[in-house]
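This report concerns only the one structure given below.
Bear in mind these aren't lab numbers, they're just calculated from the coordinates by the rules spelled out. These figures come from a predicted structure and were not determined experimentally. Cβ placement follows ideal geometry from the backbone for every residue including glycine, while neighbour counts extend to all protein chains displayed.
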Amino acid sequence: MSTPKADKPPLKSLPNPPTQARLDDRLMMCGGSLAFGLAIPWLTGLYGPLGPSDARFWIGFAGFIALAFAIWGGNRWLLFKQREHLNWFAHPLRKLLMLVSANVLYTAPLTLAAIWAWFHIAGQPVDVNALKLVVATNVICVLFVTHAYETLFLIRERESDMLRVERLERARTQAELGALKAQVDPHFLFNSLNTLGHLIENDPASAREFSDTLAEIYRYVLDSRQRDLVPLDEELAFLRHYHRLLALRFGAAMPLQLDAALQTAQWLVPPLALQTLLENAIKHNEASAAQPLTVSFSLDGDRVLARNALQPRRSALPSSGLGLANLDERCRLLAGRALQRRTDADMFEVAIPLLARS
C-alpha cells in the first residue's frame, strides 16, 4: 500500500473510555508523616531535657516533622519509580530486594544525618543508643508503610483486572450478538432467501455455493464465541466467505482487495474484526455495477489498514452505530491500543492493532 500523502489528516484514535483514577494518598501521607514526626521523637527521648519553653525544642519539633515528610515522600517516589519497571509477578525476588534496599539506603543515612545534626543543635552529647533506636524505628516504619502501599496497589490492580475482564466479556458478547443479529436480521434473511430462491431457479451451482457459504459464516461466528483472539489467517478466510456471499448477491459491485503480505502474517486479531469493517463500509456507502465500492485490507507493521472510497448513501441502511465502538473497546482491552481512523475528501481508513503470536 502506498504511503499516505502529506496533506492527509493523521489517523485518529476513537475517544478514550473512562479510566480508573490514580491512587490518591495525599491524606494518608500528610497524616502519617505528621504522626511519625510527632510520636517518634517523644518515644525515643530525642528532646532530652528540652521543653516547650526552649526555642530549640520548637526547632526540633519542626525539624522532626520535616524529616518525617522527607522520609515518606522520598520512599514514596522510589516506590512509584520501581512500579514503572518491576512487578511482583514477573520479578518477585528482584522486586523485594529493590524495595528493601531502596528503603534502607535512603531512610537510614537521612535519619542518621538529621539526628546527628539535632544533637549538635540541641547542645547535647550524641547518644549512640538513641541514634540506633531512631534509625531502626524509622526503617521499620518505612517498611511497614511500604507494605501498606503495596497492599493497596495490589487490591486496586485486582479490582482493575476484574473490571477489565468484565468489560472484555461484555464487549465480546456484544460483538457476538452484533454479528448474529447482522446475519439473522429480517432484512438480511429476506434478501438472502430471495437471492437463494432466485439462484436455485436460475443457477443451481451458485445456489449451492450460496448455501454453503452462509453455513460457513454461521459456523465461524459460533466457533469464535469463546475466543478473544483468532489467527489473522482464520479471520481472512472468514472475510472471504462473507465477501463471497455479498458477491453472489450483488455481483461485482463490491470488489475486495487483500494485500499479499496478509496471507503469511503471523498475527492475532479480535474475531469478526475485519468483517465489521467490511460491513461498516457497505452500510454507509453506495455500491453498484456502475459505481463499485472497493474495500482494501493491507498490512502496515503491527496493524491492518482497511480503506474504502467515500460514496455516501442517499438513504442509510439500519445501523446501531456500535460496530466500530465495540471493536475499539475490544482492541483497547486486548491489545492495549485503540482503533485509529482517518477521513479525507474521498477516502475512509481504519487501522486495527494486531498482537504477535506467542
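Some values worked out for this structure:
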{"item": "Interchain or long-range residues, amide H under 5 Å from Leu50's placed H", "result": "none"}
{"item": "Net charge of Cβ neighbours under 14 Å - reference Thr146; Lys, Arg +1; Asp, Glu -1", "result": "+2"}
{"item": "Descending Cα extents along the principal axes, the range 230-336, whole Å", "result": "38, 29, 21"}
{"item": "Against the rule of thumb 2.2 N^0.38 Å, how large the Cα Rg of the range 21-80 comes out", "result": "1.32"}
{"item": "Distant-in-sequence amide H partners of Asn285 (H built 1.01 Å from N, under 5 Å)", "result": "Arg313"}
{"item": "Amide H contacts of Met254 (H built 1.01 Å from N, under 5 Å, at least 5 apart or other chain)", "result": "Leu293"}
